Amino acid sequence: MKIPLVDLLAQYKSIQPQIDEAIQRVLQSAHFILGEEVRRFEESFGDYVGAADCVGVASGTAALQLAFLACGVGPGDEVITSAHTFVATVEAIWHVGAKPVFVDIDPLTYTLDPSQVETAITTRTRAILPVHLYGQPADLAPLLDIARRHNLWLIEDAAQAHGAEYNGKRCGAIGHLACFSFYPGKNLGAYGDAGAVTGNDLSLLNKVRKLRDHGRTSKYEHDELGYGERLDSLQAAILGAKMPFLKTWTESRREAASGYRQLLGQTHLTLPYEANNRRHVYHLYVVRTPHRDALLAHLQKDGIQAGIHYPTPVHFQPVYRKLNYPEMRLPETEQAAREVLSLPLYPELGSEQLEFIAHSIQEFEKKIEN
Ligand SMILES: *Cc1c(COP(=O)(O)O)cnc(C)c1O
């Protein structure tokens, strides 16, 4: 048996008629950028996350950058975020000219530790950017409280958290703005790059809408320095065709996660922790073990593709050393980077495959005990 980390082909095959119909519809319309398809998807995704509006953009990275620009975050400003994330989170901060300030994670949820945020605030701090990593929301209530007291923007990196909930509310309109990615492997994935910004503040979202399309006020008038970060119609139509399945796919992910929990309960692995006021959507199923690298090699030998998200914290990346984090230490972040391992997880993953993976892990544990 060969088990991939994600299986995009299995998903396509399960909804091929709907996808093919959506693609044909766009080809026949000969309208490829923005337009009705994009607007329809924006409305549908905005409704799904419970936001007043949604603006489709070219990628999750663009979503983050345009969100900061809309909020006026720029040179001389500081943005607090975590270093245990995909590099795009931090890239967006640097690209708008602001300085990323790293705060350690809570080791149970791998998300920004609110108890360490306040001491990182300076007179230059303008925003907090929590990442809903692996599909579990960051602890938003205390972060919102800090943001309110210090007059800061709270922007959610929801790239991995489509449908995730905090205190019964979907991520997407809890902070001032939320940024989603529809990269193919995300819980809702396009067949190319795509992203969105959602929220309840229409003036901020209209600013994002203008910035994504060259600062246009009309066809030939531009009153703002804009960007070419539009969502294209094909990707919007594909995403729209997938929307009706997102709820079922999320439930399948949660079922696979609970399957793992039962099968791996007796092993020495630390399994994902779901905080009781949060609904985890398991973009990734991340376990941890001090024997991470050996387990990864063992699984690979059995044809099981596991992954590491992420092996190098952002403050240790060569390019970020230029930002001068001389003595910076983030103990929980650094330990997580050494120990985390993502097991295969996708909606189509069956119980036979789960059992095969669990068996391989149990064999590994017998081997290292002897
Ligand atoms: C995927 C991802 C992004 C970037 O999204 P793209 O669509 O690939 O640009 C940003 N942040 C996190 C946490 C992500 O997982």
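The values are calculated or read from the model by the stated rules, or taken from the named source; none is laboratory data. Predicted model, so just to flag it, every value in this text is computed and none were measured. Please note: Cβ atoms are built from the backbone with ideal geometry, for glycine as well, and neighbour counts cover all protein chains shown. Surface areas here come from the heavy atoms of the whole protein model, side chains and all, with no ligands, DNA or RNA. Shrake-Rupley method; radii C 1.70, N 1.55, O 1.52, S 1.80 Å.
A few notes on this one:
- Most positive-pole-ward Cα, LEU140, PHE86, THR125, against dipole of the chain from beta carbon charges: THR125
- In Å, descending, principal axis extents of the Cα set of segment 225-334: 47, 44, 36
- The GNM of the chain, with springs linking C-alpha atoms under 10 angstrom apart, assigns the highest mean-square fluctuation among THR109, THR123, THR81 to THR123.
- Cut-off 19 Å, label 7 Å out along Cα→Cβ of LEU27, residues of segment 233-274 by amide N: 233-242
- Computed helical MRE - 222 nm, the chain, DSSP H runs ≥ 4 contributing -39500 (n - 2.57), nearest 500: -12000 deg cm²/dmol
- Using alpha carbons only: equivalent-ellipsoid semi-axes of the chain, gyration tensor based, whole Å: 33, 28, 17
- Candidate cross-link partners of LYS367 among the aspartates and glutamates, defined by an alpha-carbon separation under 15 Å and a same-chain spacing of 8 or more, comprise ASP293, ASP302.
- Across segment 1-88, the volume of the C-alpha convex hull divided among the residues equals 181 Å³ per residue.
- The solvent-accessible area of TYR134, taken with every protein chain present and a 1.4 Å probe, is close to 10 Å².
- Whole-percent pair-distance distribution, where bins are 5 Å wide, for the alpha carbons of segment 193-252: 4, 15, 19, 18, 18, 12, 7, 4, 2, 0
- Mean Kyte hydropathy of -1.0 or more with a Cα span along the axis of at least 18 Å, helices from DSSP in the chain: 16-29, 246-264, 351-369
- Dipole-positive endmost among ILE15, ALA337, ALA159 within the chain (Cβ charges, Cα centre): ALA159
- Alpha carbon convex hull of segment 68-175, volume per residue in cubic angstrom: 90
- The charge dipole of the chain, taken about its Cα centre with unit charges on the Cβ atoms of Lys, Arg (+1), Asp and Glu (-1) only, comes to about 260 debye.
- For the chain, the solvent-accessible area of protein heavy atoms averages 43 Å² per residue (probe radius 1.4 Å; ligands and nucleic acids excluded).
- With every protein chain in place, the chain: carbon and sulfur % of accessible area (1.4 Å): 51
- Solvent-accessible surface (1.4 Å probe) assigned to HIS298 amounts to roughly 20 Å².
- Centroid-to-centroid, using Cα positions, segment 309-370 and segment 119-150 are 24 Å apart.
- Links that overshoot a 27 Å alpha carbon limit, given the list LYS219/LYS247; LYS99/LYS242; LYS99/LYS207: LYS219/LYS247; LYS99/LYS242
- Cα gyration tensor category, rounded, prolate or oblate, for segment 154-247 with a/c compared to 1.5: oblate
- Spin-label model, HIS150 to LYS322: label points 7 Å out along the Cα-to-beta-carbon direction sit 2.7 nm apart.
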